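Below is one structure; the comments refer to it alone.
The values are calculated or read from the model by the stated rules, or taken from the named source; none is laboratory data. Everything quoted here is computed from the prediction, not taken from an experiment. Here the Cβ is made from the backbone with ideal geometry for all residues, glycine too, and neighbour counts use every protein chain on show. The accessibility values were calculated without ligands, DNA or RNA, using every heavy atom of the protein model including side chains. Shrake-Rupley method; radii C 1.70, N 1.55, O 1.52, S 1.80 Å.
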Amino acid sequence: MLYWVNKILVWLRRSKYSRGFGVQSPWAYQFIRYVINEHYPYYSYAELKKSLPDISSRESKVAKLYFRIANYRQADVVLSYNSESSVYDKYISAACHKTAVKHIDSASQLPSGTIEMLILPIVGDYQTIFESALQHVDEKTIFVVEGIYEDAHRNTFWQQIVSDSRCITTFDLYECGVIFFDSKRYKENYIVNF
């Protein structure tokens, strides 16, 4: 019940940021419109719902977002830090069959090459993971930072990311933040009613 009340309040506060309204960048508009807020029922949603009948509304919403981002990115490997949920793994793998989800628990497990996609909840040693992972990004890398509004500490970390010159384009979805590193783009933070 509390989840739905909070969801309605967040939606009302962010209603002017719906479906890409006011976004000037064609690329950012397309990402908001056709990845973040795509309402089309993708081919695997029904099968995934059947295989995961006990998934909560919040988990389903975030899992579908990860599905769409994985489908957009088409990564060979998605790194997931300190994750206990196999729900997201199933959605990511269903979106892109070539994608392997690799769970990491420390910065020493980061690859020596480029990171294609990283899912980073703000728990444990997240700051070390984040700083180490920044050494392995390119213009196609995507980071997803979970729980950016769960408390003041997490929100402060998100605000540091938004102001960090290395993080070029950020999307604030309330449930999570999405970061791109393409230095050919203008630095911008987009608030999205997700």
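Values as computed for the structure displayed
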| read-out | value |
| --- | --- |
| Anisotropy class of region 84-184 from Cα gyration tensor, a/c 1.5 cut | rounded |
| Distance in nm between pseudo-label sites at residue 184 and residue 162 (7 Å out along the Cβ direction from Cα) | 2.7 nm |
| Gain in span if fully extended, residue 25 to residue 114, counting 0.36 nm per residue against the direct Cα distance | 29.4 nm |
| Whole-number accessible area per residue in Å² for the chain, which is evaluated in the context of all protein chains at 1.4 Å | 52 Å² |
| Given 16 as the ceiling on other Cβ atoms within 10 Å, longest exposed-site-free region of the chain for trypsin sites (Lys or Arg not before Pro) in DSSP loops | 15-97 |
| Computed Kirkwood radius, in angstrom, where 1/r is averaged over Cα pairs of region 38-146 | 14.3 Å |
| Share of carbon and sulfur in the accessible heavy-atom surface of the chain [1.4 Å probe, %] | 53 percent |
| Label zone at residue 135, where the point sits 7 Å out along the Cα-to-Cβ direction: region 72-110 residues whose backbone N lies under 13 Å | 107-110 |
| Net +/- balance of residues flanking residue 44 in space, Cβ distance below 13 Å, scoring K and R +1, D and E -1 | +4 |
| Listed candidates [x] 16.1, 52; [y] 15.9, 44; [z] 20.7, 64 - label of the one calculated as Rg and Dmax of the Cα atoms in Å | [y] |
| Lysine pair number, Cα distance threshold 13 Å (strictly under), the chain, separation 8 or more or different chains | 9 |
| Fraction of antiparallel bridges per DSSP, the chain only, in percent to nearest 5 | 35 percent |
| Distance histogram for region 58-109 (every C-alpha pair counted, 10 angstrom bins, percent rounded to whole numbers) | 28, 54, 17, 0 |
| Region 89-165: GluC sites (Glu not before Pro) falling in loop per DSSP and having at most 12 other Cβ within 10 Å | 139 |
| Dipole-positive endmost among 78, 176, 112 within the chain (Cβ charges, Cα centre) | 176 |
